Amino acid sequence: MHERSGSSGSVDGFNGPKRGLAAAPRTWAVEQVAERVNEAAATLKRLPGERRLGYRTSLPAPARDDRDAWLQAGFDGDPLGLYKKQIPLARQGAPTGAAIDRMFEVLTWMCWNGDRRVRKVMWGRALGIPWRVLEGRLGRRRQTLDRWCKAGLESISRNLKAVEENRRTTS
């Protein structure tokens, strides 16, 4: 386990998971909670999707028109710039078992927030959904959504501190 010294990520930006997080820090700051939520969202994205049953073939798909034939031939530098070959993004490997356990722990923390809208904003920001999209879905201004997000993180931080204090007093 690695200890982190200081926090460089922004709370309201939900920049993404940080490497080398401690499994269970003793003091739960809002920044640490935000990092764990980001890590959980990144872990969820890395989980494999569902597989469909049925017939599979290794043959290429039939070319329906000139564009399909052009792309299947592997041409990506056409002189007119009409048919650009899309390069798929490299996918990271499957998450570790410990990362999945931490993700489920964070999902449990999310349930501590009583307001469903706060959970939606927190999880949406962790997944990287832009503020504009969240504004449209929830019908609120960015400042309100940001305040909800910060209040949700603070609520989780308070609850984690209370749980940790309860563990210390009972043991």
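Along the stretch 162-171, what does the Karplus equation 6.51 cos²θ - 1.76 cosθ + 1.60 (θ = phi - 60°) give for ³J(HN,Hα), rounded to whole Hz, x for Gly and Pro?
Ordered by residue, 3J(HN,Hα) equals 5, 5, 5, 5, 5, 5, 5, 6, 7, 9 Hz.
Each residue of the stretch 112-128 in order: what ³J(HN,Hα) in whole Hz does its phi give by Karplus 6.51 cos²θ - 1.76 cosθ + 1.60, θ = phi - 60°, with x for Gly and Pro?
Residue by residue, the stretch 112-128 yields 5, 6, x, 8, 5, 5, 5, 4, 4, 5, 4, 6, x, 5, 5, 7, x Hz.
Every read-out reported here was derived from the displayed coordinates using simple, explicitly stated rules and does not represent laboratory data. In this text the structure is predicted, and so the values were computed from the model without any measurement.
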